[in-house]
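Comments concern the structure below.
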Amino acid sequence: MIGNQYPWLKPAIKNNTIEKFPSCLLVEGETGLGKSKLAHYFSKKLLCLDQDQPCGHCNSCSYFEAGSHPDYCFLSVDDSSSSLLASTKSKNDSLVSKKIEGIRALNQFMSLTNSVSTRRVGVIYEAHTMNINAQNALLKTLEELPDNKFILLISNKRRIFLPTIYSRAHLLTIQNPSAAEIDQWLSNQGFIEHSSLHFAPDSTPLVIEELINKNLIMNYQELTCALDSYCIGKIDTFDLIKFFKELNLSLDEKIDAIILFLKNCLGITTDFYKANPMITSVNSISLDSRSISELIEEMIQFKVDLNKVPSLNEQIGLTHFIFKIQAIFR
C-alpha cells in the first residue's frame, strides 16, 4: 500500500476517493515527495474494475501494470506512453509535456471512447514545463472533460500555471514531512545511521534516499562544512578556492552548492528553517537577508549565462562569489 510506503501521502489518498475524485487534479510539491508514485496509484485506482482499490488482478490492472492500458496515457518532459502515438501523426520526440504537440495528442486521446475501463486517465508529469501555448491547448479539454475522464497534473513548482488552469483544477499540495517524520521514515527504510540533520533543511525524503544510495552524502556535508568554515574565518579564500577546484563537480553543480548553502543560511536567519549543527556561521552575527537574497539572484543569473556561454571562466566566477560571501559574513 502506497500510504504505508510513503506515510506523508496518506491524507492525499484518504481525501481523494473514487466517489469524490476531481476531473482534474493538480498535484504540487517539491521534488522527492513521491508525487509521481501518487499519480501512478491514483491512475491505477481510477481504471481498476474494482471500485474500492487497485485490485491487481482484473483486466484493467493487468493492462496497466504491463504498460499497455488502452485507456491510460502519460506525458513527461522527455517521454510519453505508446498509447499517444496511435492517436496522432506527430513524431515521438515531440510528444512530451513541454510541447504543444504532446498536449494536443493527450487532448485527442481523452476524446476517444473507453476500451477496457469505465474511465479514461491522462497524466502530465513535469507539468510545470508546459509553456503558455501548451497550457492554453489543455484548457479547452479541461473545460469539456466528461465525468468519466480524468487528467492529473504533476508539478515540482507552485503557482506556475495560468489562473484559468487553477480555476478548473482541484489543487493538492504535498508538504514536506517534519524532520522527526523523515528520521522515522529513514529508520524504517533501514538507514538507521542517517538523520535529516545531515542534509539541507528542506531536503525531501526521496531526495535524501537517493543521496544515500548514490553515496553522495559526503558531497553535501563537505561542501557545507567548507563554506561554513570560510564564513567564520577558519579557512581563507585561497583554501576555499582550492577546495572547490579539486571537487569532481561541474561549475554548474558548484554554483548550485553555494546557492543551497546561502538559502539554508537565509532560512535559518529568518527562522524559516530550524538551526543546523553544520551551519554555525549564522549564530554569532546578524546577517543581512537582503544581501544574501541579492547574491542568490546574481548566482542564478550566472547559471543562466553559463548555459548560454559555457566557456565562462570557472575560477574568476567562483572567486567573485566567494569574495561576496566574505563581505556578507565578516
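Suppose the filter is modelled with pLDDT under 90, closer than 20 Å to Ile316 by Cβ, open to solvent by 30 Å² or more (accessible area, probe 1.4 Å) and among the hydrophobic types (A, V, I, L, M, F, W, C); does Leu249 pass it?
Taking the combined requirement at face value, the residue satisfies it.
List pairs: first residue in region 78-90 and modelled with pLDDT under 75, second residue of a type outside the set (S, T, N, Q) and open to solvent by 40 Å² or more (accessible area, probe 1.4 Å) anywhere in the structure, Cβ distance under 9 angstrom, at least six positions apart or on different chains.
From residues that are modelled with pLDDT under 75, the pairs are Ala86/Pro70; Ser87/Leu112; Thr88/Glu101; Thr88/Arg104; Ser90/Lys99; Ser90/Glu101; Ser90/Arg104.
Within the group Ile208, Ile217, which residue is touching a His at 6+ places or on another chain (Cβ under 9 Å), more than 27 Å from His40 (Cβ to Cβ) and surrounded by 13 or more Cβ atoms within 10 Å (Cβ to Cβ)? So that I can check it myself, show each step before the final result.
Numbers: Ile208 fails: more than 27 Å from His40 (Cβ to Cβ).
After applying the criteria, what remains is Ile217.
Inspect all residues belonging to region 68-89 and state whether any of them is part of a helix (DSSP H, G or I), open to solvent by 20 Å² or more (accessible area, probe 1.4 Å) and closer than 30 Å to Ala179 by Cβ. Before the answer, list the steps.
Going through region 68-89, the residues part of a helix (DSSP H, G or I) turn out to be 82-85.
Remaining after also requiring open to solvent by 20 Å² or more (accessible area, probe 1.4 Å): 82-83, 85.
Now narrow it down to the ones that are closer than 30 Å to Ala179 by Cβ: none.
No, because not a single residue in region 68-89 is part of a helix (DSSP H, G or I), open to solvent by 20 Å² or more (accessible area, probe 1.4 Å) and closer than 30 Å to Ala179 by Cβ.
Of the residues Ile259, Ile268, Ile279, only one is in contact with an Asp or Glu (Cβ under 6 Å, 6 or more places away or on another chain), surrounded by 14 or more Cβ atoms within 10 Å (Cβ to Cβ), closer than 25 Å to Ser178 by Cβ and β-branched (Val, Ile, Thr); which?
So the residue among Ile259, Ile268, Ile279 that is in contact with an Asp or Glu (Cβ under 6 Å, 6 or more places away or on another chain), surrounded by 14 or more Cβ atoms within 10 Å (Cβ to Cβ), closer than 25 Å to Ser178 by Cβ and β-branched (Val, Ile, Thr) is Ile279.
Could you run through region 150-196 and say how many residues are buried (at least 18 other Cβ atoms within 10 Å of the Cβ) and of a type in the set (A, V, I, L, M, F, W, C)?
Adding up the residues that qualify gives 13.
The values are calculated or read from the model by the stated rules, or taken from the named source; none is laboratory data. Worth saying up front: this structure is predicted, and the values here are computed from it rather than measured. Note: ideal-geometry Cβ built from the backbone for every residue, glycine included; neighbour counts use all protein chains shown. Side chains included, ligands, DNA and RNA excluded: accessible areas come from the protein's heavy atoms. Shrake-Rupley method; radii C 1.70, N 1.55, O 1.52, S 1.80 Å.
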